[in-house]
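Trainee: Structure in structure tokens, see below.
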Amino acid sequence: MELTIFILRLAIYILTFPLYLLNFLGLWSWICKKWFPYFLVRFTVIYNEQMASKKRELFSNLQEFAGPSGKLSLLEVGCGTGANFKFYPPGCRVTCIDPNPNFEKFLIKSIAENRHLQFERFVVAAGENMHQVADGSVDVVVCTLVLCSVKNQERILREVCRVLRPGGAFYFMEHVAAECSTWNYFWQQVLDPAWHLLFDGCNLTRESWKALERASFSKLKLQHIQAPLSWELVHMAAVGGRR
């Protein structure tokens, strides 16, 4: 299998050589940051349709973590275009963080479509360094389809623990590596290098549940699911949350 993977990867490298050349010249990252939000706008519609029940289940008890005022303070890391907004409870105070400033105009549109939320601010920053957010200042942190693309999972999870108040909760939904010796795993291994380049640093083969298990959460609810998606490569997900 390893030889087959190597040969197929080599073929993909050859086919995508122009992109790798642009990346080497430092141009591809700028191009990708520009086009990726447009891709996500279309992707989000399909993804939310197929994952709506899973998201509703995941976020069903968010309001339980509201502070004494009854207002839920929520920080979404890697917010993208605001795909999760529709699943948040009314009156929720939302702060968004994303390293790509090109998402802002799409966020504004999502905010206008979700008047039940109280939008606080959009911060351009990587999840590994959220110094703009004070220690213990939020009730809930949300992170969906983000750990696949961050540079350092351990650092971002430390930051999550830092900004959460005592007793707060971390909600996540991530696609992860499929089980070894399956066809999904095989194609993940074959396509991962090109996928990483095309989709703004996304990795198909990360075992993100291991980083979550090592993080300093007082309680971790971790569940592997087969998401009801019409495409197979990223259909394995880790779902859970608590601090």
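The values are calculated or read from the model by the stated rules, or taken from the named source; none is laboratory data. Since we're looking at a predicted model, the values are computed, not measured. Backbone-built Cβ (ideal geometry, glycine too); neighbour counts: all protein chains shown. Accessible surface is based on the protein model in full, side chains and every heavy atom, while ligands, DNA and RNA are left aside. Shrake-Rupley method; radii C 1.70, N 1.55, O 1.52, S 1.80 Å.
Trainee: How do the helices (runs of 4 or more DSSP H) wholly within the range 1-82 filter down when requiring 3 or more residues that are over 21 Å from G201 (Cβ atoms) and either open to solvent by 70 Å² or more (accessible area, probe 1.4 Å) or not hydrophobic (A, V, I, L, M, F, W, C) (or both): which remain?
Mentor: The helices (runs of 4 or more DSSP H) meeting that bar are 2-15, 28-58.
Trainee: Could I ask something else about it? Looking only at the range 99-117, count how many residues are under 20 Å from H131 (Cβ atoms), surrounded by 13 or more Cβ atoms within 10 Å (Cβ to Cβ) and in contact with a strand residue (DSSP E or B) (Cβ under 7 Å, 6 or more places away or on another chain).
Mentor: Residues meeting the conditions: 2.
Trainee: Does the range 138-176 hold any residues that are open to solvent by 10 Å² or more (accessible area, probe 1.4 Å) and among the small types (G, A, S), and which are they?
Mentor: Matches in the range 138-176: S149, G167.
Trainee: Among the numbered criteria (1) in contact (Cβ under 8 Å) with a residue 24 or more places away in the chain; (2) more than 16 Å from the chain's Cα centre (by Cα); (3) at negative phi; (4) open to solvent by 20 Å² or more (accessible area, probe 1.4 Å), which one does L220 miss?
Mentor: Against the list (1) in contact (Cβ under 8 Å) with a residue 24 or more places away in the chain; (2) more than 16 Å from the chain's Cα centre (by Cα); (3) at negative phi; (4) open to solvent by 20 Å² or more (accessible area, probe 1.4 Å), L220 comes up short only on (1).
Trainee: Same structure, new question: For the range 179-215, enumerate the residues that are closer than 16 Å to L147 by Cβ and among the small types (G, A, S).
Mentor: Selection gives G201, S208, A211, A215.
Trainee: Given the condition assigned to a helix (DSSP H, G or I), touching a Leu at 6+ places or on another chain (Cβ under 8 Å) and at negative phi, answer yes or no: does some residue in the range 163-181 qualify? First the steps, then the outcome.
Mentor: Our first condition is that a residue be assigned to a helix (DSSP H, G or I); within the range 163-181, this holds for 163.
Retained after the next criterion (residues that are touching a Leu at 6+ places or on another chain (Cβ under 8 Å)): 163.
From the residues that got through so far, the ones that are at negative phi too are 163.
Yes, there is a match, as at least one residue in the range 163-181 is assigned to a helix (DSSP H, G or I), touching a Leu at 6+ places or on another chain (Cβ under 8 Å) and at negative phi.
Trainee: In a helix (DSSP H, G or I) and touching a Gly at 6+ places or on another chain (Cβ under 8 Å) - does that describe any residue in the range 189-196?
Mentor: No.
Trainee: Please list, ordered by first then second residue, the pairs with beta carbon atoms under 7 Å, 6 or more apart or interchain, first in the range 52-63 and more than 16 Å from L145 (Cα to Cα), second in a loop (DSSP other than H, G, I, E, B) and open to solvent by less than 80 Å² (accessible area, probe 1.4 Å).
Mentor: Listed pairs, sorted by first residue: L62/L72; L62/Y88; L62/P89; Q63/L72; Q63/P89.
Trainee: If you don't mind, another one. Find the residue count for the range 163-215, including only residues that are of a type in the set (D, E, K, R), under 19 Å from the mean Cα position of the chain (by Cα) and over 26 Å from K33 (Cβ atoms).
Mentor: The number of residues fulfilling the criteria is 4.
Trainee: Taking the conditions exactly as written (open to solvent by 30 Å² or more (accessible area, probe 1.4 Å), touching an Asp or Glu at 6+ places or on another chain (Cβ under 9 Å) and outside any helix (DSSP H, G or I)), does R121 satisfy them or not?
Mentor: no
Trainee: Which residues, taken from the range 118-157, are touching a Phe, Trp or Tyr at 6+ places or on another chain (Cβ under 9 Å), over 18 Å from G82 (Cα atoms) and aliphatic (A, V, I, L, M)?
Mentor: Result: L157, single match.
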